[in-house]
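Student: The structure that follows is given in the form of structure tokens.
The values are calculated or read from the model by the stated rules, or taken from the named source; none is laboratory data. Please read all numbers here as calculations on a predicted model, not as lab measurements. With ideal geometry, Cβ positions are generated from the backbone for all residues, glycine too; neighbour counts draw on all protein chains shown. The area values use the complete protein model at the heavy-atom level, side chains included, leaving out ligands, DNA and RNA. Shrake-Rupley method; radii C 1.70, N 1.55, O 1.52, S 1.80 Å.
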Amino acid sequence: MSNASLLTAFILTGLPHAPGLDAPLFGIFLVVYVLTVLGNLLILLVIRVDSHLHTPMYYFLTNLSFIDIWFSTVTVPKMLMTLVSPSGRTISFHSCVAQLYFFHFLGSTECFLYTVMSCDRYLAISYPLRYTNMMSGSRCALLATSTWLSGSLHSAVQTIMTFHLPYCGPNQIQHYFCDAPPILKLACADTSANEMVIFLDIGVVASGCFVLIVLSYVSIVCSILRIRTSEGRRRAFQTCASHCIVVLCFFVPCVFIYLRPGSRDIVDGVVAIFYTVLTPLLNPVVYTLRNKEVKKAVLKLRDKVAHPQRK
């Protein structure tokens with residue numbers, strides 16, 4: 001970072017809303033955050049204790065749940081602080097750097113993980129007899145590790161490109177967390193090159209992952225249509241429907257914010273709610289309500305807790 005970075009703190013304007021809505025919004029987002037953490041912890045616990053769920057699909061789902069817990073934690077608690085007191089809007093320079101890094105680290109890792117999960121579903125449906133050998137435990141671990149390392153590298157580029165600039169003037173970030181587009185507006189230097197690199201970086205990652213996901217699901221649909229029984233086709237479609245719902249809720253807002261010309265602070269702040277607050281909650285909701293295996297495992301866990309003396 002540049003030695004000319006004179007600012008020691010930033011001020012977050014918070015979520016755009018009417019002043020009288022502070023308390024209701026605080027209550028709503030607090031409940032959503034608690035449900036997000038508890039729901040994803042429940043998925044982690046259920047998959048851990050039920051041996052029937054020790055498969056590649058649920059291995060990747062545990063990674064997704066773990067990411068969503070921390071992805072939500074990076075932004076929501078600070079947003080809640082901006083709603084309860086003016087002092088809660090202040091964030092130190094180094095805390096802002098850390099928030100931006102972990103936000104993009106977890107977000108891009110989730111992006112890569114969605115891509116891996118779509119490829120996993122393609123292999124499971126298209127090559128059921130060879131699937132176990134193709135997705136061995138070591139290969140799953142390698143794929144998961146690759147998503148985390150790629151996310152870390154991608155985030156490092158975003159963070160370095162944002163904070164190597166000098167910040168010596170206005171310190172009010174028009175957002176409820178530290179993100180690159182609103183921060184770059186405060187830099188005391190030309191940011192056109194930085195904006196282009198960030199645009200291309202996010203564009204390549206998001207577009208590449210989305211294209212691979214679409215190709216995977218086109219292949220999946222073709223494989224499903226070759227299944228002879230209607231029950232087999234229905235079960236195959238149900239297996240992939242949950243993933244498609246979460247992927248759309250994650251990618252559409254991201255594309256809207258990062259891959260369009262210009263920036264509208266109020267609109268971006270509202271749209272960001274979808275992938276920072278709601279998508280992490282959708283993961284446990286969608287995967288439990290639409291998945292019979294997970295629902296069965298949850299019921300078994302509940303029975304064990306309620307009746308520990310039963311075998």
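Student: Once the dipole of the chain is set up with Lys and Arg at +1 and Asp and Glu at -1 on Cβ about the Cα centre, which of LEU200, ILE245, SER136 lies farthest towards its positive end?
Tutor: SER136
Student: Further question: Give me Rg over Rh for region 1-111, both radii from the alpha carbons and Rh done the Kirkwood way, two decimal places.
Tutor: 1.09
Student: Give the cross-link partners of LYS300 among the aspartates and glutamates, using a straight C-alpha distance below 15 Å as the criterion and excluding same-chain residues fewer than 8 apart.
Tutor: ASP50
Student: Span-like helices, the chain: DSSP H, alpha-carbon axial extent 24 Å or more, mean Kyte-Doolittle 0.5 or greater, which ones? Could the numbers behind the result be given before it?
Tutor: Numbers: long enough: 22-49 (40 Å, 2.16); 56-84 (42 Å, 1.00); 93-126 (50 Å, 0.73); 137-163 (39 Å, 0.62); 192-225 (48 Å, 1.96); 230-258 (40 Å, 0.87).
Correct list, ordered by number: 22-49, 56-84, 93-126, 137-163, 192-225, 230-258.
Student: Can you compute the charge dipole magnitude of the chain about its Cα centre, using +1 on each Lys and Arg Cβ and -1 on each Asp and Glu Cβ, nothing else charged? Give it in debye, rounded to the nearest 20. Walk me through the numbers on the way to the answer.
Tutor: Values: 23 positive and 14 negative charges, 342 e Å.
For the chain, the charge dipole is close to 1640 debye.
Student: Let me have the 222 nm mean residue ellipticity of the chain computed from DSSP H runs of 4+ only, each contributing -39500 (n - 2.57), with the sum over all residues rounded to the nearest 500.
Tutor: -25000 deg cm²/dmol
Student: Can you give me the % of accessible surface on the chain that is carbon or sulfur? Probe 1.4 Å, all protein chains present, nothing else counted.
Tutor: 69 percent
Student: For the pair ALA193 and TYR131, what calculated FRET efficiency results from E = 1/(1 + (r/R0)^6), where r is the Cβ-Cβ distance and R0 = 45 Å, to the nearest 0.05?
Tutor: 0.45
Student: Please report how far the C-alpha centroid of region 9-75 lies from that of region 136-199, rounded to the nearest whole angstrom.
Tutor: Going from one Cα centre to the other spans 21 Å.
Student: Sticking with this structure for a sec: Rounded to a whole number, what is D in µm²/s for region 176-232 from Stokes-Einstein with the Kirkwood radius over alpha-carbon pairs (37 °C, 0.692 mPa s)?
Tutor: Details: Rh = 14.8 Å.
Result for D is 221 µm²/s.
Student: Give me the 1.4 Å probe accessible area per residue for region 82-129, excluding ligands and nucleic acids, in Å².
Tutor: Per-residue accessible area for region 82-129 comes out at 36 Å².
Student: Calculate the FRET efficiency for ARG234 and CYS168 from the Cβ-Cβ distance with a Förster distance of 51 Å, rounded to the nearest 0.05.
Tutor: Result of the calculation: an efficiency of 0.25.
Student: Still on this structure, I have one more. Of the candidates LEU165, LEU142, LEU123, which one comes out as most mobile in a Gaussian network treatment of the chain with C-alpha springs shorter than 10 Å?
Tutor: Among LEU165, LEU142, LEU123, the largest mean-square fluctuation in the Gaussian network model of the chain belongs to LEU142.
Student: For VAL218 and VAL157, FRET efficiency with R0 = 51 Å and r from the beta-carbon atoms, rounded to 0.05?
Tutor: Working: r = 30 Å, r/R0 = 0.60.
Once the sixth-power term is evaluated, E becomes 0.95.
Student: Here's a follow-up. How high is the relative contact order of region 19-291, in percent, counting Cα pairs under 8 Å that sit 6 or more residues apart? If you can, show how the numbers build up before the last one.
Tutor: Numbers: 267 pairs, mean separation 69.4, N = 273.
It comes to 25 percent, rounded to a whole number.
Student: Given bins 5 angstrom wide, list per bin the percent of all Cα-Cα distances in region 110-226, short to long.
Tutor: Percent of Cα pairs in each bin: 2, 10, 15, 16, 14, 11, 9, 8, 6, 5, 3, 1, 0.
Student: Shifting gears a bit: Give me the one-decimal nm value for the distance between modelled label points at VAL49 and LYS300, 7 Å along each residue's Cα-to-Cβ direction.
Tutor: 1.1 nm
Student: Using 0.36 nm per residue of separation minus the Cα-Cα distance, give me the extension gain between ILE28 and THR145 in nm, one decimal.
Tutor: Extending this stretch completely gives an extra 38.6 nm.
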